[in-house]
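The values are calculated or read from the model by the stated rules, or taken from the named source; none is laboratory data. Remember, predicted model here, so these are calculated numbers, not experimental data. No Cβ is skipped: glycine too gets one built from the backbone with ideal geometry, and neighbour counts run over all protein chains shown. Protein only, heavy atoms only, side chains kept; ligands, DNA and RNA dropped before computing areas. Shrake-Rupley method; radii C 1.70, N 1.55, O 1.52, S 1.80 Å.
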Amino acid sequence: MTPESFVSFCAARGVSVSADARSRLERFADLVLRSAAGLTAAKTPEEIWTHIVDSASPLWMLPDIFQASASVCDVGSGGGFPGVVLKILSPGIDLSLVERSRRKAAFLRDLKSRIGVHYRVVAEDADARSEPSRPVSVVTTRAVAGYEDGARLAAKFLAPGGSYVYFAGPSWSPPGEESDGPPEFAAPRVEDAG
């Protein structure tokens, strides 16, 4: 995947990527790739852009959840996937990133000014949280925990009626169901917390 093919891929799914958003995503991809913070296993720009596509997928798969006014908490943000990508492409969302690794949280704080995007970074272990200080309408997890553990963590941040978006790997299937095999891109799973 390249920046050009990403823009085309999104357009084919009804998501417009502005020149400004593309520029921010290119800078984001470069900073993640060059970071010494161990943010991702991706080693090439193409691999980073595949993570970006995966992170952006809720915008065309779940457009009603990711409205401009949504409050979103990305638990286990790591290098900013999916939270930072969602914020760049949907700048009206109110985003909080929760990351327990101080090194990764420091990267996310520095990243804000380097790509010109505003969000909050909370450096804490989500598992240690007993109740939300500021409930949100959407919680995302990607490469953080299994589905059940992720749902338990999400409940600590969700407002009543909120949605949990679980980024499943290509071979994931709900407990008791067989996998249909790996899709081209993993689909996020949504659970209504209401």
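Observations on the model:
- Considered as a group, the residues in the range 37-48 that are open to solvent by 10 Å² or more (accessible area, probe 1.4 Å) and under 14 Å from the mean Cα position of the chain (by Cα) include one that is nearest to residue 168 (Cα to Cα), and that residue is 40.
- Meeting the requirement of 1 or more residues that are open to solvent by less than 10 Å² (accessible area, probe 1.4 Å) and either among the β-branched types (Val, Ile, Thr) or at pLDDT 90 or above (or both), the strands (runs of 3 or more DSSP E) wholly within the range 79-194 are 94-98, 136-142, 158-167.
- Residue satisfying all of: in the range 13-28; in a helix (DSSP H, G or I) and touching a residue at least 24 places away in the same chain (Cβ under 8 Å); most open to solvent (accessible area, probe 1.4 Å) among these: 27
- Residues of the range 49-78 classified as surrounded by fewer than 22 Cβ atoms within 10 Å (Cβ to Cβ) and among the charged types (D, E, K, R), total: 1
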